[in-house]
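Report on the structure given below.
Quick note: the coordinates plus some simple rules give every number you see, no bench work behind them. What you are looking at is a predicted structure, and each value in this text was computed from that prediction instead of being measured. Here the Cβ is made from the backbone with ideal geometry for all residues, glycine too, and neighbour counts use every protein chain on show.
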Amino acid sequence: GEEVAQTPKHLVRGEGQKAKLYCAPIKGHSYVFWYQQVLKNEFKFLISFQNENVFDETGMPKERFSAKCLPNSPCSLEIQATKLEDSAVYFCASSQSPDNYGYTFGSGTRLTVV
Amino acid sequence: QKEVEQNSGPLSVPEGAIASLNCTYSDRGSQSFFWYRQYSGKSPELIMFIYSNGDKEDGRFTAQLNKASQYVSLLIRDSQPSDSATYLCAVSLLRRDDKIIFGKGTRLHILP
């Protein structure tokens, strides 16, 4: 498709519960990026993929966050044992060539941890 | 030092005037520069990108890049109320197809 599809739009989890977010990139885009947007518009990079391979995971809090992009499946971002500070909007973006074209963002998943 | 810095605003500009948004970046090796617009509660939308020093124009938007000063700007001519949004400056670092680093954004308010 021509849009980055993220599901669900909203997710509420109790502290300590697991959260799983999904992202289907635009067809033909080989790069996928996950960002976390907290208050005051701060975008924090989490992880990027080139096809199913992790390209850069320097932003991931590895003890609780994990992500995958498997062939013929939506990409996923999973948070084990959510904490209150994980409450944010999680954006997925895809690109065919980030340097040349930038990203196309999905509409985001708003995660609320209570 | 933050990698990408922007004045958070709000920047208030009368309708029809030129809005000027500024951004500085710290990594001298940065390659690609982007401006995204984000309406409240929505996802960012790419409006301009620039790689070379100088100006790049697209409709009412002009991006300006000065690599020597590590400075990027966005001019919006004939500002409209629909331009009211947060504008995010983003920079791609040295490695090819690396992640984009975002500034915190400038809130722009066009006064009718």
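Details
- Chain A, helix-only ellipticity at 222 nm - DSSP H runs n ≥ 4, -39,500 (n - 2.57), divided by all residues, nearest 500: -500 deg cm²/dmol
- Amide proton proximity set for A:Tyr31, modelled H, under 5 Å, gap of 5+: A:Asn51, A:Ser95
- Bins of 5 Å, starting at 0 and running to the largest distance - Cα pair percent for chain B: 2, 13, 24, 25, 20, 10, 5, 1, 0
- Selected from B:Lys42, B:Lys56, B:Lys67 as most flexible by GNM, with chain B as the system and alpha-carbon contacts under 10 Å: B:Lys42
- Across segment A:50-98, Cα-Cα pairs farther apart than 13 Å form 67% of the total.
- Taking all Cα pairs closer than 8 Å and separated by 6 or more residues, the relative contact order of chain A comes to 37 percent.
- Amide H to amide H, with H built 1.01 Å from N, A:Phe55 comes under 5 Å of A:Ser48, A:Phe49, A:Gln50, counting only residues 5 or more places away or on other chains.
- One way to sum up the overall shape of the protein assembly as shown is the equivalent ellipsoid from its Cα gyration tensor, whose semi-axes run 30, 20, 16 Å, largest first.
- Estimated inter-spin distance, B:Leu93 and B:Ser12, nm [label 7 Å along Cα→Cβ]: 3.9
- Size check on segment A:9-52: the Cα extents along the three principal axes, sorted descending, read 36, 24, 17 Å.
- Centre-to-centre separation between the Cα atoms of segment B:1-56 and those of segment A:1-70: 24 Å.
- Sorted by Cβ density within 10 Å, fewest first, the residues A:Ser30, B:Ser30, B:Ser8: B:Ser8, A:Ser30, B:Ser30
- Residue by residue, segment B:41-48 carries 3J(HN,Hα) couplings of x, 10, 8, x, 10, 5, 10, 8 Hz when phi is fed to the Karplus relation 6.51 cos²θ - 1.76 cosθ + 1.60 (θ = phi - 60°); x denotes Gly or Pro.
- The string of couplings for segment B:24-29 from the Karplus curve (6.51, -1.76, 1.60, θ = phi - 60°) is 10, 9, 9, 8, 5, x Hz, one whole number per residue in order, with x for Gly and Pro.
- DSSP loop chymotrypsin sites (Phe, Trp or Tyr not before Pro) with at most 16 other Cβ within 10 Å: longest gap in chain B: B:52-112
- Label-point separation in nm, A:Ser73 to A:Lys27, each point 7 Å along Cα→Cβ: 2.1
- With the cut-off at under 18 Å, measuring from each backbone N in segment A:48-92 to a point 7 Å along the Cα-to-Cβ line of A:Val12 picks out A:82-90.
- Karplus-derived 3J(HN,Hα), 6.51/-1.76/1.60, for each residue of segment A:103-114, Hz, glycine and proline x: 10, 10, 8, x, 7, x, 10, 8, 9, 10, 9, 10
- The calculated FRET efficiency for B:Glu45 paired with B:Glu3, based on their beta-carbon distance and R0 = 25 Å, is about 0.70.
- Rg/Rg_ref, chain A, where Rg_ref = 2.2 N^0.38 Å and atoms are Cα: 0.99
- Label point at B:Lys56 placed 7 Å out along Cα→Cβ; residues across segment B:6-34 whose backbone nitrogen lies under 17 Å: B:21-25, B:29-34
- Placed amide H near A:Glu3: partners under 5 Å, 5+ positions off or other chain: none
- Potential lengthening of the chain between A:Tyr101 and A:Ala5 amounts to 32.7 nm, from the contour at 0.36 nm per residue minus the alpha-carbon distance.
- Value of relative contact order over segment B:3-112, rounded to a whole percent, pairs C-alpha under 8 Å and six or more apart: 38
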